[in-house]
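Heads up: the structure comes next, in structure tokens.
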Number of protein chains: 2
Amino acid sequence: MKRAFTLLLGLAVAWPALSAGTKKACDTLVTAGLVVTMDASYATFRNGAVAILGGKIVDVGPAADLAGRWAPKKTIARPDAILAPGLVNTHTHAAMNLMRGISDDLPLMEWLTKSIFPAEARNVSPDFVKAGTTLACLEMARGGTTTFVDMYYFESDVAAATEACGLRGVLGETWIDFPVPGHKDLAETEKVTRDFLLKWKGHRRITAAIAPHAPYTCSEATLRAAMAMSKEHGAPLLIHLSETRDEQKTLREKTGGSPTQWLESLGFLGPNVVAAHGVWLDEADIKTLKARNVLVAHNPESNMKLASGTAPVVAMRKAGLDVGLGTDGVAGSNNDLSMFETMDFAGKLAKVTTLDPTALPARDLFSMATREAARGLKMDDRIGSLEAGKEADLIAVELSDARTQPSYDPYSTLVYAAKESDVSLTLVEGRVVFDARAKDPFPTIDQKKAVADAGLWRKKILASLGAK
Amino acid sequence: MKRAFTLLLGLAVAWPALSAGTKKACDTLVTAGLVVTMDASYATFRNGAVAILGGKIVDVGPAADLAGRWAPKKTIARPDAILAPGLVNTHTHAAMNLMRGISDDLPLMEWLTKSIFPAEARNVSPDFVKAGTTLACLEMARGGTTTFVDMYYFESDVAAATEACGLRGVLGETWIDFPVPGHKDLAETEKVTRDFLLKWKGHRRITAAIAPHAPYTCSEATLRAAMAMSKEHGAPLLIHLSETRDEQKTLREKTGGSPTQWLESLGFLGPNVVAAHGVWLDEADIKTLKARNVLVAHNPESNMKLASGTAPVVAMRKAGLDVGLGTDGVAGSNNDLSMFETMDFAGKLAKVTTLDPTALPARDLFSMATREAARGLKMDDRIGSLEAGKEADLIAVELSDARTQPSYDPYSTLVYAAKESDVSLTLVEGRVVFDARAKDPFPTIDQKKAVADAGLWRKKILASLGAK
């Protein structure tokens, strides 16, 4: 009996050493007061942790358990924070950050023709999009956005800037039936886009895409060419769809049906399509988009600010459509890239529009910014939740501020109270792109240069418009 | 000639000293990249300054000019910021900060009866309102709100907390026709309120007010008693008005008219009335409120989140009514006290509701949060703009962040891009209540205690509701 006891005691004493010997090595262990996984069961872990190896999540659970299983090279502790999946912005034009609020409170056509189009024609270049995208990545990394879906010009340069900043992007070269910076006709557009698709093929963080601008700005030939190239290269198709009443009217006059029905008649719609806005979709449109498994990118702030209307988000989700959230660009449509604000706007807009305070509850809104967006992008094998096997795209949101205290429900706090300024940590593929507590909070981005460049471009843009 | 030159040289050398001798003493000189005064001409000063003496603004203009006129004891420099009037929150329930987001996404009556009313009945006390108001003042000071209009219970304790935190308040004791914390019937309500009004009479920062809850929760007798007391003490009357469709229906059944027309028939409406919400006002109501010079407090986020509806703000302002902005309380209606977000919501909501992108432009929105609110509160001789003679209630909003860069128009930046986290300085009556660059950013508030208290109260409140 005594021997048995001594043996047991010996084992107990030796246990930590034996146990340490069985621990597996990982790169990083991130611990937090609460881990919100956004997995299928919406599991959360109080005093939880995420283990990361090779940029991927290898374990999620209670911090005490993970400490027993993993020997990390580096530990990041955020005891007062919620750890959550990185946010996914499903529609923006990142380079337009250089024109933030260049003209507000104007009718859409006046805004486009007096400010945006001339400013773009005279300024947009590879340097412009690199500076603008870098400024946008700085804002996104700060605000917890790890993946963004982009439509602009010189998208290969957008990709280069995104790659350098360490963010994840689905980046679409814009096709439109008039000459734009970088390509003057369809033939050149196809060449530029093909080069872009080939250059970034297989990149882990950059997905090169094709972005025919909209049904009212692209001819049938343009749309068919985009479809063919998408098929050939397996590239996503990004498009603005049913943003304004004018678009509805134009397409109905031209094709006899809605913009959605026209795209459907061309065979354009499919699981690789992201349709931005969807403000004026009717029941038949929603049915079609669901049948084709299209992701709709809902942009509440842009639709409100430009007075485009209100997208029927509740009806779309009820029909089973995946709906992601987008900020749109900041040159008059928003004017920032905050996904926290976008969740808040999406929720409140849905409630007041349906006169139903239970519409789009907080957890659904957080899902639309993470899990549901990833599923709609057909990237849910890689991002959108904190689960072993997925890319380590994650954020810490501090709850120590007066504005987030007290917290009765993590989803409510994340959606209705927290702001981008509460993010204290942003990782993409396990790599820190923002750490509020580090000496250099943006290890991948030269913050000072990005802000200084914004000032220089502001002067150039104003001069190009004949302003002071 | 040589003598004359020597004399001139001598004068030139002596000039700074002579000049200094003519400088007047002031307490503080605040300089900034841009001063946005919100005076009648919307004057702005690049590299501007504000001089403060005895808590009042004594001079505003180019920094170079003020440097020649004033010898300050203390200088605060914010070269990358906009200096602007402090923001005025015209409707909130500060103490409810302890119940931030306690239950969201519920129908109004379920929210009230299952959470708010029982939580209030079991917890609200002088200690509760002091802790809640202090937490709210911490959030408001951080976010650039210098004046707030409040409706709650134990309002004398709300006043004590507000006074201690250094903010300015128009604080109304709530009257309602059922027993509430602190008073069980009208007689007790009158006594408590009279004591409160007398106690704070003549205070420079605290305006004690009477807050009959709403036309549907107060009988005619209650409203008449509130009117009489208001007349006797010169106290403002704060009331919820036309917030929901149910209220419209109830009042129409009871009185044959709208809530506004009922109040008008009692002689309730006048320049000392602040009417919160005004969602369901019709043309006749707006005309009446304008004739009586009532301030309407517009709460876009609350009206959206609770699905109350959309207030006809554009029509109200077109009729010449003063419309201020309010956050409402944070226990489900918002869930924060950010006036920056409120400006943004108010603008975007007006645009999408009217389908007019030019509705409520940025400068009007900033005016509603400053100048117009002050005018509506009949406090524009004291606050609402940066002008000599007014109280030195002012904020600095930093433009050095990626999110506020570049800036093409100060009002656009303040309303559509800046957030409460961009505020780096908040002064009330010339006294620092927040300075992001100071060792102790909140010299008037014990930040750690306020946040810790929030955690303690959270536990008590949950326990009182039978939750974990």
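The values are calculated or read from the model by the stated rules, or taken from the named source; none is laboratory data. Keep in mind that this is a model prediction, so the values were computed, not measured. Using ideal geometry, Cβ is built from the backbone for each residue, glycine included, and neighbour counts are taken over all protein chains shown. In case anyone asks, the SASA skips ligands and DNA or RNA and just uses the protein heavy atoms, side chains included. Shrake-Rupley method; radii C 1.70, N 1.55, O 1.52, S 1.80 Å.
Name the residues of the stretch A:417-466 whose accessible area falls by at least 50 Å² when all protein chains are present instead of the chain alone, probe 1.4 Å?
A:K419, A:E420, A:V451, A:R458
Can you order the peptides B:387-400, B:257-270 by their average number of other Cβ atoms within 10 Å per residue, highest first?
Peptide ranking by packing, descending: B:387-400, B:257-270.
List the distances, in nm and shortest first, from the label point of A:K231 to the matching label points in every other copy, placing each point 7 Å from Cα along the Cα-to-Cβ direction.
Spelled out, the distances from A:K231's label point are 8.3 nm.
Between copies, how far does the label point of A:H203 sit from its twins, in nm, shortest first, when each point is 7 Å from Cα along Cα→Cβ?
6.0
Inside 10 Å of the C-beta atoms of B:357-367, what's the mean count of C-beta atoms belonging to other chains?
3
When ranked by the protection proxy of mean other Cβ atoms within 10 Å per residue, highest first, what sequence do the peptides B:68-78, A:96-106 form?
Working: B:68-78: 16.5, A:96-106: 25.7.
Final packing ranking: A:96-106, B:68-78.
Rolling a 1.4 angstrom probe over the protein heavy atoms, how many square angstrom per residue are accessible across the stretch A:105-206?
35
Residue of A with Cβ nearest the axis relating A to B, plus distance in whole Å?
A:S421, 2
At A:K459, label 7 Å along Cα→Cβ: distances to the other copies, nm, ascending?
Values, ascending and in nm: 5.8.
Give the aspartates and glutamates reachable from B:K73 as a straight Cα distance under 12 Å; neighbours fewer than 8 places away on the same chain don't count.
Those aspartates and glutamates meeting the cut-off are B:D27.
So, with a 1.4 angstrom probe, what is the percent of accessible area on chain B that is carbon and sulfur?
Carbon-and-sulfur percentage of accessible area, whole number: 56.
Mind checking the mean number of beta-carbon atoms from other chains within 10 Å of the Cβ atoms in A:406-414?
Mean partner-chain Cβ count within 10 Å for A:406-414: 6.
Highest mean first, how do A:41-47, A:449-455, A:168-174, B:301-307 rank when packing is the count of other Cβ atoms within 10 Å averaged over residues?
Per-residue Cβ counts within 10 Å, averaged per peptide and sorted highest first, yield A:168-174, B:301-307, A:449-455, A:41-47.
Among DSSP beta bridges lying fully in chain A, give the percent that are antiparallel, nearest 5.
Close to 40 percent.
Return the unpartnered cysteines for chain B, using a Cβ-Cβ cut-off of under 4.7 Å.
Here B:C26, B:C218 come out as lacking a disulfide-compatible partner, given the Cβ-Cβ threshold of under 4.7 Å.
Over 30 Å between C-alpha atoms is what I'm after, so list which of A:K390/B:K419; A:K305/A:K460; A:K24/A:K419; A:K74/A:K130 land there.
Correct reply: A:K390/B:K419; A:K24/A:K419; A:K74/A:K130.
With every protein chain left in place, what is the accessible area of A:K459 in Å² (1.4 Å probe, nearest 10)?
Near enough 140 Å² of accessible area.
Once A and B are treated as a pair rather than alone, how much accessible area drops out, both sides summed, in Å² to 100, probe 1.4 Å?
For A against B, buried area totals roughly 5100 Å².
How do B:T255, A:T404 stack up against each other in accessible area, from largest to smallest, with a 1.4 angstrom probe?
Result, largest first: B:T255, A:T404.
Report, to two decimal places, the Cα Rg of chain A normalised by 2.2 N^0.38 Å (N = number of residues).
Taking N as the residue count of chain A, the ratio is 1.03.
When Cβ neighbours within 10 Å are restricted to other protein chains, what is their mean count per residue of peptide A:179-187?
Details: counts 0, 0, 0, 0, 0, 0, 0, 0, 0.
Per residue, the average neighbour count from other chains is 0.
Could you work out [θ]222 nm for the protein assembly as shown from helices alone, using -39500 (n - 2.57) per DSSP H run of at least four and dividing by all its residues? Round to the nearest 500 deg cm²/dmol. Don't skip to the end; give the middle numbers.
Details: 34 runs with 365 residues, N = 936.
Calculated at 222 nm, the ellipticity per residue is -11500 deg cm²/dmol.
Need one value: the accessible area of A:W280 in square angstrom, 1.4 angstrom probe, rounded to the nearest 10.
80
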